[in-house]
1. So, in segment 116-127, exactly how many residues are within 14 Å of residue 170 (Cα to Cα), surrounded by fewer than 21 Cβ atoms within 10 Å (Cβ to Cβ) and in contact with a helix residue (DSSP H, G or I) (Cβ under 9 Å, 6 or more places away or on another chain)?
2. Restricting attention to segment 130-145, which residues are in contact with a helix residue (DSSP H, G or I) (Cβ under 7 Å, 6 or more places away or on another chain) and in a helix (DSSP H, G or I)?
3. Only one of (1) farther than 16 Å from residue 17 by Cβ; (2) assigned to a strand (DSSP E or B) is not met by residue 113, so which one is it?
4. Residue 90: more than 26 Å from residue 114 (Cα to Cα) and either part of a helix (DSSP H, G or I) or touching a residue at least 40 places away in the same chain (Cβ under 8 Å) (or both), yes or no?
5. Of all residues in segment 1-24 being in contact with a helix residue (DSSP H, G or I) (Cβ under 9 Å, 6 or more places away or on another chain), exposed (fewer than 15 other Cβ atoms within 10 Å of the Cβ) and part of a loop (DSSP other than H, G, I, E, B), which is modelled with the highest pLDDT?
6. Considering only residues that are in a helix (DSSP H, G or I) and over 18 Å from the mean Cα position of the chain (by Cα), look in segment 42-81 and name the one that is nearest to residue 130 (Cα to Cα).
7. Go over the candidates 126, 133 one by one and state the one that is under 18 Å from residue 4 (Cβ atoms) and in the same structural domain as residue 51 (by TED's automatic domain parsing).
């Protein structure tokens, strides 16, 4: 495996874009903060935008940003957007960074279950260490969150598999690298919304369709074909909907 930066190999831009675009939730392409700052991130921190090549093919990639952080929960950046803004504005103001924040890692189609995400994060972490950054953090928005629009962010983040690891591949990758767990930074307001029909107690056809979608996913998560898929928020559906799938184990 070879590790290169996108700045070193601009010829791989189209290949990397095709490999990773389907991995990103749609909201990323409409985030106003990302639109404003992502080009500046690429200009300021090209050394932290890496691609993993297997015999010349792009199989994985990831990027992150250096920020100043004092080590306390209170000083954690406000998620993905907050880390990006702090990195760019700190760099422009001459603020000395102390911490590396992972921002995203993606593995190409057909390349999963090879440990490639861990290799990308290791490569980024080594670069951060070489730059003298003492801490590594990550804004952990669960990759699977778009599949569960009914469920609050904190609940999805708390879901675990029988082995105790998160059901979410992004969170799980960090757990396997020794993450000490999430801080208590507040989630953006828009991430805490459930379906409006549930919030208002209105169960029309659209709300029922969302509930069925959620229940179908719970069958997969819990490996339990007996989980009801009926569009009714009954005693089995309600606990994971508001508290996380781990409550059912």
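1. 1
2. Within segment 130-145, 145 is the sole residue that qualifies.
3. The one condition residue 113 does not meet is (2).
4. Spelling it out, residue 90 is indeed more than 26 Å from residue 114 (Cα to Cα) and either part of a helix (DSSP H, G or I) or touching a residue at least 40 places away in the same chain (Cβ under 8 Å) (or both).
5. Per the stated criteria, the residue is 8.
6. Among those that are in a helix (DSSP H, G or I) and over 18 Å from the mean Cα position of the chain (by Cα), it is 47.
7. 126
Okay, residues lined up against (1) part of a loop (DSSP other than H, G, I, E, B); (2) modelled with pLDDT of 75 or more:
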site: 123; (1), (2): no, yes
site: 128; (1), (2): no, yes
site: 150; (1), (2): yes, no
site: 156; (1), (2): no, yes
site: 162; (1), (2): yes, yes
site: 178; (1), (2): yes, no
site: 186; (1), (2): yes, no
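The values are calculated or read from the model by the stated rules, or taken from the named source; none is laboratory data. Predicted model only: the values in this text are computed from it and were never measured. We place every Cβ from the backbone using ideal geometry, glycine too, and count neighbours over all the protein chains shown.
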